[in-house]
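Q: Can you read through this structure? Questions will come right after.
The values are calculated or read from the model by the stated rules, or taken from the named source; none is laboratory data. Everything numeric here is computed off the predicted structure, so don't read it as measured data. Glycine also receives a Cβ, built like all others from the backbone with ideal geometry; neighbour counts cover every protein chain displayed. With ligands, DNA and RNA removed, areas are computed over all heavy atoms of the protein, side chains included. Shrake-Rupley method; radii C 1.70, N 1.55, O 1.52, S 1.80 Å.
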Amino acid sequence: MHAILESAKKKAVIFDGGMGTMLMAAGLKAGESPELWNIEKPSLVTDIHRKYYEAGSDVVHTNTFGGNTIKLAERGLADKMETINVEAARLAREACPAGKFVAGDIGPTGKLLKPLGDLVLEEAEEGFFRQAQALLKGGVDLISIETMFSLEEALAALRAAKRLGDVLVIAALTFNRTKKGFFTMMGEGVKQAVSAFEAAGAAVIASNCSLGSRDMIDLTKELRAATRKPILIQPNAGKPVTQKGVTSYQQTPAEFAQDGQEIRNIGADMIGGCCGTNPEFIRALAQTLGNLP
Ligand SMILES: [Zn+2]
């Protein structure tokens, strides 16, 4: 059994929080590629990983959310795909203390699959395959597919990662809450997503982003009822508030941690944060769950 699943049997496994916010605080400008920092400002990226481990994260994600070829091509960086992902993995590995883990982050292409858009499924899968290959080459312990708003695209990434052999893959969709329940942007429901992920070999069923911790409590109940696999939940820091074009999150670390405890009680095996969360949120969460002294 993978060591991360062994840990999850003993205690809650704590993931990291937001990366984008941390990069912006470190000076990343709007429109600049976060992934390019893995090559151009490596020490700043390592610092962020280190802060999360110090705050109690057992797992951090590589800075490769937009690191697939299709997404990188938007900024003319497609030819740097392999270097960016190998370096990103190496940076997180460098910050990772013994006994903790590095998750290779795979995010969406940002494009819609045919027939709604012009993204060809095979091309998306090939792009994810090459990204996962580079992340593993750089030394990640597992692959974490995040913030997918299309089940079909998430499955393409999952299949791609599974082609690389005996690799542990976490598959996360992002759900919106409607009057009829939780659905992806493409209209897929929780049960449909869970059974498709299980059939395709996901080791951990996950959800991140879009929802704050209050809504994630209810989503966790549905996920827990739908699967016996380990679950990872990464909520945003409450609902975003936009004032004068600037988006911010109002939740405090203590409120986030309290909801995290509830999510844990419902049966989430792994918990982290998404947009608006930072090492303070992770520290509060780790303390509340008893993972830190
Ligand atoms: Zn997010």
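Q: Determine whether L121 is under 18 Å from the mean Cα position of the chain (by Cα), open to solvent by 20 Å² or more (accessible area, probe 1.4 Å) and under 20 Å from A199 (Cβ atoms). Steps first, answer last, please.
A: On the way: under 18 Å from the mean Cα position of the chain (by Cα): no; open to solvent by 20 Å² or more (accessible area, probe 1.4 Å): yes; under 20 Å from A199 (Cβ atoms): yes.
Answer is no for this residue.
Q: Can you list residue pairs whose Cβ atoms sit under 9 Å apart, with the first residue in the stretch 266-279 being farther than 12 Å from L223 by Cβ and open to solvent by 10 Å² or more (accessible area, probe 1.4 Å) and the second being among the hydroxyl-bearing types (S, T, Y) and in a loop (DSSP other than H, G, I, E, B)? Count only pairs 6 or more apart in sequence or on different chains.
A: Partner pairs satisfying both residue conditions: C274/T174; P279/S57.
Q: Does G189 satisfy the condition of being on the phi > 0 side of the Ramachandran plot and open to solvent by 10 Å² or more (accessible area, probe 1.4 Å)?
A: Spelling it out, it is not the case that G189 is on the phi > 0 side of the Ramachandran plot and open to solvent by 10 Å² or more (accessible area, probe 1.4 Å).
Q: Let me ask something else. Identify all residues within the stretch 271-293 that are among the hydrophobic types (A, V, I, L, M, F, W, C) and either within 16 Å of the ligand (Cβ to nearest atom) or in a helix (DSSP H, G or I) (or both); write none if there are none.
A: We begin by selecting, within the stretch 271-293, every residue among the hydrophobic types (A, V, I, L, M, F, W, C); these are 271, 274-275, 281-282, 284-286, 289, 292.
Passing the criteria: I271, C274, C275, F281, I282, A284, L285, A286.
Q: Let me ask something else about it. Would you mind finding the one in A284, A226, A237 that is over 24 Å from A103 (Cα atoms), surrounded by 15 or more Cβ atoms within 10 Å (Cβ to Cβ) and at pLDDT 95 or above?
A: None of the others qualify; the one that does is A226.
Q: Which of the residues that make up the stretch 1-47 are without any contact (Cβ under 8 Å) to a residue 60 or more places away in the chain, among the small types (G, A, S) and either under 15 Å from G66 (Cβ atoms) or in contact with a Ser or Thr (Cβ under 6 Å, 6 or more places away or on another chain) (or both)?
A: Result: A30, G31, S33.
Q: Tell me, please, whether a residue that is more than 30 Å from S7 (Cβ to Cβ), open to solvent by 10 Å² or more (accessible area, probe 1.4 Å) and of a type in the set (V, I, T) can be found in the stretch 157-180.
A: Checked the stretch 157-180: at least one residue is more than 30 Å from S7 (Cβ to Cβ), open to solvent by 10 Å² or more (accessible area, probe 1.4 Å) and of a type in the set (V, I, T).
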